[in-house]
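One structure below.
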Amino acid sequence: MTEPLETELYLSSEKDELFEKGPWPKPFAFNAEVVKVFDNMVSRSVPLYREVIAGAVHWTRAYYQSKTRIIDVGCSTGTFLELLGRFLKQPAILVGIDNSPDMLDKAREKLAQVESIHQIELICESAENCSFENSSVVVMNYTLQFLSLPQRQKLLLAIYQGLVPGGLLFMSEKIRSGCPQFQETITRHYEAFKTKNGYAQNEIERKKEALENVLIPLSEAEQLQMLKQSGFEYIESLIKLHNFVSFVALKSD
Ligand SMILES: C[S@@+](CC[C@H](N)C(=O)[O-])C[C@H]1O[C@@H](n2cnc3c(N)ncnc32)[C@H](O)[C@@H]1O
């Protein structure tokens, strides 16, 4: 099979209208209401979402070592694991970790098709309490940003320790600029992207409010520093648009 770049993701189509009208209970949480529209929300809110998921599949296929595990931290509805399941040639152990049971219910449905090829393990647990032993690839897209700062460093360290030599972390995060003036301009550009994807200004503002103190973005430099401090020897910023970036980080042999 060739690269997954042109392939459609398996996304449920229920439209995200959560912030359109009515009061939204703050703070933002990954509850049943969000889960119902999550695929639509994430693909309309994260720049280059499809490219990032396809990129994660490409890098996973390149760094997977047989008889090891592939772990998706904050797997949500299982979109990455499902695409990987279709494109990974050899049968593998695909592990999804998420602390939202509603997300994992959706993921279980989505992954049913690839279960005949791969061993699927869905773990309903906070990532901070999980083991990453015997993994050759860990993917963690837009999840670390929801943890407290000390937990973030601890989790990255646990991932580094659990990866086998030659193992890879593929990680994406929302970031903020170290320069307030740039941050302002980037935010306006990002909001234009959301407007183009059909969100009204009041929806954009309400969601921003709900995410305050729930999603705390760091700068790209701070992210790189945390990855370095966790032990990763080679780190690259791979994909970047607006205030979102994907990194690859290698635990060398
Ligand atoms: C923005 S979503 C991730 C999107 C997903 N990786 C994707 O690419 O579609 C964040 C996910 O992380 C989960 N999450 C948040 N904090 C977590 C934690 N401490 N441990 C495990 N999962 C967590 C949420 O339930 C949610 O499903």
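Just so it is clear, none of the values below were taken in a lab; they were calculated from the coordinates. Because the structure is predicted, anything quoted here is derived from the model rather than measured. Cβ atoms come from the backbone with ideal geometry, glycine included; neighbour counts cover every protein chain shown.
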Would you mind ranking LEU48, LEU155 by Cβ crowding within 10 Å, fewest neighbours first? LEU48, LEU155
With a sphere of radius 12 Å drawn around the Cβ of LYS240, what net charge do the other residues whose Cβ falls strictly inside it have (Lys, Arg +1; Asp, Glu -1)? -3
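Structure shown: which of LYS154/LYS251; LYS154/LYS240; LYS67/LYS110; LYS15/LYS36; LYS36/LYS174; LYS26/LYS194 lie over 19 Å apart, alpha-carbon to alpha-carbon? Could the numbers behind the result be given before it?
Numbers: LYS154/LYS251 16 Å; LYS154/LYS240 25 Å; LYS67/LYS110 24 Å; LYS15/LYS36 9 Å; LYS36/LYS174 22 Å; LYS26/LYS194 21 Å.
With Cα atoms farther than 19 Å apart: LYS154/LYS240; LYS67/LYS110; LYS36/LYS174; LYS26/LYS194.
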Sorted by chain and then number, the residues having a modelled amide H within less than 5 Å of the amide H of ILE239, at least 5 places away or on another chain, are SER246
Residue among GLN181, PHE38, PHE19 farthest towards the positive dipole end of the chain, charges placed on Cβ: GLN181
Looking at the P(r) of the range 8-113, how many percent of alpha-carbon pairs lie beyond 15 Å? 65
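Name the trypsin sites (Lys or Arg not before Pro) in the range 76-181 that are in a loop by DSSP and that have at most 13 other C-beta atoms within 10 Å, would you? Don't skip to the end; give the middle numbers.
Numbers: sites: ARG86, LYS89, LYS106, ARG108, LYS110, ARG152, LYS154, LYS174, ARG176; in loops: LYS89, ARG176.
Passing both the DSSP loop test and the Cβ count: LYS89.
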Mind pulling the angle between the C-alpha long axis of helix 220-229 and the longest principal axis of the chain? Nearest 10 degrees, somewhere in 0 to 90. 30
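Just want the ordering: LEU224, LEU149, LEU9, from fewest to most Cβ atoms lying within 10 Å of their own Cβ. The partial results should precede the final answer.
On the way: LEU224 18, LEU149 11, LEU9 15.
So the residues, fewest neighbours to most, are LEU149, LEU9, LEU224.
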By the mean-Cβ-within-10 Å protection proxy, highest first, 54-61, 114-121 rank as 54-61, 114-121
Filtering GluC sites (Glu not before Pro) in the range 193-224 by DSSP loop and by at most 15 other Cβ atoms within 10 Å leaves GLU212
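For the range 1-107, which GluC sites (Glu not before Pro) are in a loop by DSSP, counting at most 13 other Cβ atoms within 10 Å?
Working: sites: GLU6, GLU8, GLU14, GLU17, GLU20, GLU33, GLU51, GLU82; in loops: GLU8, GLU14, GLU17, GLU20.
The qualifying sites are GLU8, GLU14, GLU20.
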Over the chain: Rg over Rh, Cα atoms, Kirkwood Rh: 0.94
Please give me the summed charge of the neighbours of ARG176: other residues whose Cβ is under 11 Å from its Cβ, Lys and Arg +1, Asp and Glu -1. -3
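What does the charge add up to near ILE159, with Lys and Arg as +1, Asp and Glu as -1, over the other residues with Cβ less than 15 Å from its Cβ?
Working: positive: ARG69, ARG152, LYS154, LYS228, LYS251; negative: ASP72, GLU125, GLU128, GLU133, GLU173, GLU233.
Net charge around ILE159: -1.
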